[in-house]
1. Could you give every pair whose Cβ atoms fall below 6 Å, whose first residue belongs to the range B:197-216 and is more than 15 Å from B:Val166 (Cα to Cα), and whose second residue is loosely packed, with under 13 Cβ neighbours inside 10 Å, counting only separations of at least 6 or pairs across chains?
2. Looking at the range A:446-478, which of its residues are of a type in the set (A, V, I, L, M, F, W, C), within 24 Å of A:Val145 (Cα to Cα) and assigned to a helix (DSSP H, G or I)?
3. Spot the failing condition for A:Ile252; the list is (1) under 18 Å from the mean Cα position of the chain (by Cα); (2) closer than 21 Å to A:Ala115 by Cα, and only one is missed.
4. Among the candidates B:Leu19, B:Leu45, B:Leu4, single out the residue that is more than 24 Å from the chain's Cα centre (by Cα) and among the aliphatic types (A, V, I, L, M).
5. Tell me which of these A:Ser397 doesn't satisfy, since it passes every other one: (1) buried (at least 16 other Cβ atoms within 10 Å of the Cβ); (2) over 18 Å from the mean Cα position of the chain (by Cα); (3) at pLDDT 90 or above; (4) not in a loop (DSSP other than H, G, I, E, B).
6. Which residues, taken from the range A:365-394, are modelled with pLDDT of 90 or more, within 14 Å of chain B (Cβ to nearest Cβ) and part of a helix (DSSP H, G or I)?
7. Test of understanding: among B:Lys268, B:Lys275, which residue is in a loop (DSSP other than H, G, I, E, B), out of contact with any Pro (no Cβ under 8 Å at 6 or more places or on another chain) and either within 13 Å of chain A (Cβ to nearest Cβ) or small (Gly, Ala, Ser) (or both)?
8. With the requirement that a residue be surrounded by 18 or more Cβ atoms within 10 Å (Cβ to Cβ) and farther than 20 Å from B:Ala16 by Cβ, what does the range B:52-75 give you?
Amino acid sequence: MGRTLTVIHALGLMLVVFSAAYLMPLITALIYDQSEVFQDFLMAMLLTLTSGVLMWAVTYRYKGELSIRHGFLLVVVMWTGMPAFATLPLLMVLSELSFTDAYFETMSGITTTGATVLTGLDTLPSAINLWRHELNWLGGMGIIVLVVAILPLLGVGGRQLFKAETPGPMKDAALTPRIAETARNLWIVYVTITILCISSLKLAGMSWLDAVCHAFAAMGLGGFSTHDSSVGYFNSPLIEFLLMVFMLIAVINFATHFVVLRNRSIAAYRSDPEALSSLGVILASCVGIAFFLWWQGVYPEFLTALRHASFNLVSIATSSGFASVDYAQWPIFAPLWMMLLTATVASAGSTGGGIKMIRTLVLIKQAGREFVKLLHPAAVNPMKIGGQVIPNSVVFSVLGFIFLYFMVIASLTFVLLISGLDFISALTAVLASLNNCGPGLGVVGPASNYQGLTDFQTWVCTFAMLIGRLEIFTVLILFTPQFWRR
Amino acid sequence: MKILILGAGQVGSNVAESLVSEANDITVIDSDGVKLALLQERLDLRTLVGNASSPSVLEQAGINDTDMLLAVTQSDEVNMVACKLAASLYNTPTRIARIRSTDYLTRPELFNKDNFCVDFSICPEQILTDYISKLIEFPEALQVLQFAQGKASLVAVRAFTGGPLVGNPLSFLHSHMPHVDARVAAIFRKNSPLIPEGDTVVEEGDEIFFIAASKNIREVLKEMRRMDRPTRRVMIVGGGNIGRRLARALEQDYQVKLIEFNKKACNKLAGELAKTLVLNGDGTDEKLLQQESVDEVDVFCALTNDDENNIMSSLLAKQAGARKVIALINRSAYVDLVQGGKIDIALSPAQVTIGSLLAYVRQGDVAEVHSLRRGAAEALELVVHGDRKSSRVVGRRIDEIDLPKGATIGAVVRGDEVIMGHHDTRIEAEDHVIVFVVNKAMVKKVEKLFQVNLGFF
């Protein structure tokens, strides 16, 4: 029991930090002179802050080191609790919104999924829009990483939490000797690139609010937009190009960006096998899909085809989920190929979702190893990625992860089918939620949104987003008997 | 010359043996008394048991009046420290260290006067690896030795029917390929040397040594024998220092399979090597060899530490149909036994690597020494200094130089240019002259001839 209270203690502290996130929409509300919205946000902030302080103070006696088990518990509780608190302003400002939909929206924000149940985005109060996008941005690098970064004396097992939240199979890449230092550096890189993104979008002709919002969504690979027609609203090749560039930056491991900035040399990109494979696959797919669309006559001009194919493909593949056209109308091969890329191309340590490039590489190499083993039974053939030997234990954990991943897709798809959704919508809704991508096809396609789903279906998708962001194991471990056995 | 050798391992004892025979005073230090006792039994030298990097031990071994320190222990670090000590405390004039780790070798500033004071570093494994790589590049050759940083090469090849030169006099070589300059330095017929003249007729089975610019090797080889198809598949047995280096050097250009017995070593090798297929097993296991299609292998190299295993596995490979087999054999008795039989090339590591050390011990400015025919003959690269007065070589035509019988000037390297040694070629100062000596007894005379007379300084 004492340990559980320790979790609550740490949770309280994190909520206190999280309540600072309300400052941005508060300022926005002031700037745009929306006093009612301002009051609502202030209320929400105070509620969050008070709950946090209360939790922290009441359990102060139990302050202490967290065990591995409770680290998992804290991460999951935090990732379910935060979106719950984040719904407060939505519920207060948009009175007709149900809790289910509000929770879906905030979960979609913080897991960087970017799927929405709201329509009339263009007319929402600016503060609400900014709030949604800020959630995208915070969730991208990870709120716990942030807390570990700014509160090194948190008294919680920082490294454990860091590992539980950061995606990827191998999490021991130590950039700096101290985990707090590592976390801080990652956030500094993240903030720097985001500021670059905001300024370039502003220069490209967006308003300040749009620039900030879209930069947040692009860097977090979330994909929220302030407009119902998403990026299509701007109809500007320059903006599409800039967003593409920053999405491609965000899909690379931020640790690699950090090394590049620290060494002032791009050598680190060249030796990052994930970055190379991701960019290679995305580029090849862009050109391929553009040719396909042009050949199929969807766009009469190749350049137009290339523009729309590359923006939407990059957006979906990187798991952002912006759209500039209704790509669901394209021949089915193209959108399905994009959904497949979503699942695979993001790097570990990036803000993207899916099974991650490193796991894809491990799987491909493992298949190659099996072939070699059949031909040369005596061969000693360790798995090597980028010249580094990957221990077999990692290979096994990747195989385990992939198995769970596909089991989750299959079972959640069945659940949605039982609830009455059609096959394409069910499958793509699960894929898009689990990979934190956003739009699927069919009912949940880029032209519509998740509003059409029943409450039950919405909860299923919400759950898929959560386990997708925390990479399945972290969440599902709470449902195993071993976890609760002393 | 007083020489102090640190380390009585394979390299140390081989060097000691060669140097003793060249009338030097040798002291050997090693921490293993048994090894030293064995060495002392065979050779006329002094030994001392102790730590090679300890000043008191070095003093006891007489480092104060030593002319040359040869640090060839197993450990790079001990060798470097010993050189540093010799330079800082005892002013030893020449310090040579065996350095194996590329980590050190890629940072040459470590070895300069301000740091570890290593005058020359040698890496026997690398020399051996380079040597074998050349044999794999030219599978027709018996030996490929490089001079003047690889600009000129001395190649040994056995003449076979199919080569245009076979059955013709040597002068035919020039008329048959006028654009390529090459010179036959020596011919061994039934193991006895012939002095090659323009009218010497090449017979099948002759072992021919020729010198040519490195880029022309293949064309000259074509004259001597029918060419094989170029090497594509290489199989190496033994993943020790040599096998590993060789695999790494070859894996980009050839299909390489490496067989290693030790499972742990296999894992390490497989991690280090990018393209090589590492196999865990016994090189003498004919089932494994067959399963890995040894019959399609172009060059098979047995490079383990064990002579008997190397001989057996290369015999098995040859039997199974490998095109060319190379065996690494340490014991010289075995080398004589095996060479010329079923095994195409019996490599004696001592013979291959000793040359690089001998170059430092010799009198005069000797840039390169290669032992040939198991030490019976020798090829030297000498740098010529002085002028017409102080030197007996400079400014003279080759036929004016008083070379002992059995020694021939094969080629002259002047800057980047490789000039073949014709009777009217004139030697200039700072030329690198490649001299082929059929009998080692004449080496001293040749060296003396090239030395600058006293009074030059």
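1. Filtered contacts from the range B:197-216: B:Ser214/B:Gly150.
2. Correct list: A:Phe463, A:Ala464, A:Met465, A:Leu466, A:Ile467, A:Phe473, A:Val475, A:Leu476, A:Ile477, A:Leu478.
3. (2)
4. None of the other options fit; the residue is B:Leu45.
5. (3)
6. A:Lys365, A:Gly368, A:Arg369, A:Phe371, A:Val372, A:Lys373, A:Leu374, A:Leu375
7. B:Lys275
8. None - no residue of the range B:52-75 is surrounded by 18 or more Cβ atoms within 10 Å (Cβ to Cβ) and farther than 20 Å from B:Ala16 by Cβ, so the list stays empty.
The values are calculated or read from the model by the stated rules, or taken from the named source; none is laboratory data. Everything numeric here is computed off the predicted structure, so don't read it as measured data. With ideal geometry, Cβ positions are generated from the backbone for all residues, glycine too; neighbour counts draw on all protein chains shown.
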